[in-house]
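First up is the structure itself, then whatever we jot down about it.
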Amino acid sequence: MNPTISIAVILTVLQVAHCQKIKELSACLLGQSLRVDCRYENKTSNFLTYDFSVLKENRKRVIQSNLNVPENTLKTRSNITLSKDLVCLQLFDFTTSDEGIYTCELKITGDYTGNQIRNITVIKDKLEKCAGISLLIQNTSWLLLLLLSLPLLQAVDFVSL
């Protein structure tokens, strides 16, 4: 087999095998709620499993999950929002007793790189307030595409400003 073809096949297999990775885990206060954003790189449309938990006093408490059974007291106070490259946890009525190490664990079906795990320490007094713009624009790629396409749309008289 041609060495160039062999290298191309190996690179393709490696790219397919590495389907997702957590890019960023951040936390902020949204009124009286905690919001934890788990941004990830996704190169497939396969099913995503997620697990949000908090470690406090050496005890893991599952908040929301489609992988493990969450604690009922935390599940009823929380909500998950899924989008193309973001899993967002919102924990309502957040107090200092909810402080701890929050974990986002993701796994995509067919991804052989294993679970992706990221931790963040959450202390209520040290949290920043969530920016209003990030609530409206969780994924800015559509906005960028629109702004870049405006001159083209004007050129064909589709849009007049």
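The values are calculated or read from the model by the stated rules, or taken from the named source; none is laboratory data. Quick caveat, the model's predicted, so the values are computed rather than measured. Reconstructed Cβ throughout: ideal geometry from the backbone, glycine too, with neighbour counts over all protein chains shown. Surface areas here come from the heavy atoms of the whole protein model, side chains and all, with no ligands, DNA or RNA. Shrake-Rupley method; radii C 1.70, N 1.55, O 1.52, S 1.80 Å.
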Elements of type strands (runs of 3 or more DSSP E) contained in region 1-74, each with 1 or more residues being modelled with pLDDT under 90: 20-30, 33-42, 48-56
Top-ranked residue of region 81-103 - restricted to ones that are outside any strand (DSSP E or B) and either touching a helix residue (DSSP H, G or I) at 6+ places or on another chain (Cβ under 6 Å) or farther than 13 Å from residue 48 by Cβ (or both), ranked as most open to solvent (accessible area, probe 1.4 Å): 93
Some residue of region 112-126 being open to solvent by less than 50 Å² (accessible area, probe 1.4 Å), among the small types (Gly, Ala, Ser) and either modelled with pLDDT under 70 or touching a Leu at 6+ places or on another chain (Cβ under 9 Å) (or both): no
Unmet requirement for residue 73, which otherwise passes all of (1) farther than 18 Å from residue 21 by Cα; (2) of a type in the set (S, T, N, Q); (3) in contact with a Cys (Cβ under 6 Å, 6 or more places away or on another chain): (3)
